[in-house]
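**Student:** Okay, handing you the structure first.
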Amino acid sequence: MVNNPSLRVAYIDEVEERESGGKVQKVYYSVLVKAVDNHDQAIDMNQDNYLEEAFKMRNLLEEFNEDHGVRPPSILGVREHIFTGSVSSLAWFMSNQEMSFVTIGQRVLARPLKIRFHYGHPDVFDRIFHITRGGMSKASRGINLSEDIFAGFNSTLRRGNVTHHEYIQVGKGRDVGLNQISLFEAKVACGNGEQTLSRDIYRLGHRFDFFRMMSFYFSTIGFYVSAMLVVLTVYAFLYGRLYLSLSGMEKTIVNYAATRGNTVLQAAMASQSVVQLGLLTSLPMIMEIGLERGFRTALGDMIIMQLQLASVFFTFSLGTKVHYYGRTVLHGGAKYRATGRGFVVRHEKFAENYRLYSRSHFVKGLELMVLLIVYQIYGSAATGSLSYLFVTFSMWFLVVSWLFAPFLFNPSGFEWQKIVEDFDDWSKWISSHGGMGVPAAKSWESWWDEEQEHLQYTGFLGRFWEIVLALRFFLFQYGIVYHLNVARRDKSIMVYGLSWLVIVAVMIILKVVSLGRKRFSADFQLMFRLLKLFLFIGFVVTIGMLFSFLSLTVGDIFVSLLAFLPTGWALLLISQACKPMVKALGMWGSVKALARGYEYVMGLVIFVPVAVLAWFPFVSEFQTRLLFNQAFSRGLQIQRILAGGKKHKSN
């Protein structure tokens, strides 16, 4: 550096920072000491370089002097080599997906589409061009959460030119665990939500010609809009089916078509919705593998990826993108989510998975599952089990992927000892009370409050649309109560009104139990137990009278749960959106108690199938061999042997 004063070097600096909770955490910053003359290269801390590639840097810098169209280049794009693909199936999926984006994707974006931007990769910037136009980074960590792409927006808006070059590459380590991948995709989805609301997208859309504008839309926020439309189509299809079946219109149309011999109408009523989400996402990576290593290899890799459940992973990933993108567009408030980017392949506890995926996947998966069950009970178009499966197969695939993918891709996810420990940890977490300074990982109440942070800062329109979206859950109750035997085919509005009396009665009972616990559980335990006994006796007597006098059946009780549970969830969502008003009425404690009850039920519905599969030892063995490489699989087996030896020794 003494002999070459214009040479600049970057290194990673380690700094200890204190978080809001008082915990000290090590944070790493990439520090630019010196750069080559008037050019800066952006390097992430999870990237690496190779000696043979470093010799090509002189050739790359000469590209600034070459002819690349009307304007000289302001950013030179560089491809990456993902070196973490051999760790597990998830790492392999992400490696292939990223490789297709940094090669065939950016190659086409740069030329002929001319809409490539900066994506946080090892691109080389014209220092003078950018330092006189606002610099590389942006000030707002909310709106400019994905600050890398805003540097590309800024460069393009100010008459810059972004190119792409593949004769030089830089190594990169991708996320290897499902939770890391989901946090990264959540951050990118939130960033795209903020881009949708930003003035940069507005200005670029106005100034591009039609073809560049459409290419620009599809390669940025359009991907997330399309993903959201796919999921909204699933919801529209199932809620439309639900309305037709509960209203009796579907049965009437099917009978009309049968009497008239209208087979076309019958086929239309039994039409299936094939939403193959996972296969389409993997097509770009298959094309890139075919171009670089041959299409026979690409076909073999595609078959292996499907056997390793790539479709399940990409379908689950779709839920992550849609949830965080939609919430950011509706409420704003995007924030950085640290993934660690470390070599993390370890067993994640059930409570951790529940905290991370409850709102983005589990709630939506359970909603779709209830829709499919209700349609199975009351639908008329799909007459047999085979036709019902044919109509709803892709929907059930979506439900299973969203509910159980975190446990399927979790190392030792079906090991019985881990399952027992996870359940104890989850029970302790969900029973713990929150308070000042209690982190979300230690208490359900703290986590529940954190999950509603976006509602604290949203505006009137955000709260309004939150309430409007919650109204869809009332459709279950409105349609199902008229099909109960207790209703006796009465179609008057009184039946629906009486069904609300049941909900009011349940709310009053919950409030009485809550007040009784506060006043009597500590000093007058006998009184509190007597109160619960009287409530239980009253409940049994009421059910007995309904069985005796109003022809209530066991099936009615099950179907009533499908009707009233969504209504209670809708009331919870509306209460959260109207939190100041509910607190003023003194009902917030009851809302919190009701929410905890729902969390218990949802957790058990998801946990029980996983625990049942964990009873069979071959399931865990099959999962380990299928999803992880041989070295890691042997490590897990040795770890089990050592754990068993320690347990035997302690006994």
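No value in this document is a laboratory result; all are computed from the given coordinates. These numbers were taken from a predicted model, which means no experiment stands behind them. All Cβ positions, glycine included, derive from the backbone under ideal geometry; neighbour counts span all protein chains shown.
**Student:** Once fully extended, how much extra length lies between residue 83 and residue 197, figured as 0.36 nm per residue of separation less the alpha-carbon to alpha-carbon distance?
**Tutor:** 37.5 nm
**Student:** If you don't mind, another one. Grab the beta carbon distance between residue 515 and residue 393, set R0 = 41 Å, and tell me the FRET efficiency rounded to 0.05.
**Tutor:** 0.25
**Student:** Could you check the simple spin-label distance between residue 232 and residue 625, using points 7 Å along Cα→Cβ, in nm with one decimal?
**Tutor:** 4.6 nm
**Student:** If each of residue 616 and residue 596 carries a label point 7 Å out from its Cα toward its Cβ, how far apart are those two points in nm?
**Tutor:** For residue 616 paired with residue 596, the spin-label model returns 3.7 nm.
**Student:** Applying a 10 Å radius around every beta-carbon, put 172-179, 557-564 in order of their mean neighbour count, most first.
**Tutor:** 172-179, 557-564
**Student:** How large is the charge dipole for segment 175-408, taken about the Cα centre, if only the Cβ atoms of Lys, Arg (+1) and Asp, Glu (-1) carry charge, to the nearest 20 debye?
**Tutor:** 420 debye
**Student:** Related question: For segment 412-456, what is the convex hull (Cα atoms) projected area averaged across all directions, in square nanometres?
**Tutor:** Mean orientational projected area (segment 412-456, Cα hull): 4.0 nm².
**Student:** Compute the signed sum of charges (Lys and Arg +1, Asp and Glu -1) over the other residues within less than 15 Å, Cβ to Cβ, of residue 497.
**Tutor:** Neighbour charge sum, excluding residue 497 itself: 0.
**Student:** Cα centroids of segment 436-459 and segment 36-64: how far apart, whole angstrom?
**Tutor:** Result: 43 Å between the Cα centres.
**Student:** Please give the Cα centre distance for segment 253-267 versus segment 149-210, rounded to the nearest Å.
**Tutor:** Measuring centre to centre over Cα atoms gives 51 Å.
**Student:** Let me ask something additional. Express in nm, to one decimal, how much length is gained between residue 490 and residue 239 on full extension, taking 0.36 nm for each residue of separation and deducting their alpha carbon distance.
**Tutor:** 88.0 nm
**Student:** Which order do peptides 462-475, 319-332 fall in by mean Cβ count within 10 Å, highest first?
**Tutor:** In decreasing order of mean packing, 462-475, 319-332 become 319-332, 462-475.
**Student:** What's the extension gain from residue 386 to residue 561 if we count 0.36 nm per residue and subtract their Cα-Cα distance?
**Tutor:** Here the answer is 60.4 nm.
**Student:** Within 13 Å, Cβ to Cβ, of residue 380, how many net charges do the neighbouring residues add up to if Lys/Arg are +1 and Asp/Glu are -1?
**Tutor:** +1
**Student:** Provide the FRET efficiency to the nearest 0.05 for the residue 283-residue 449 pair, computing r from the beta carbons and using R0 = 60 Å.
**Tutor:** 0.90
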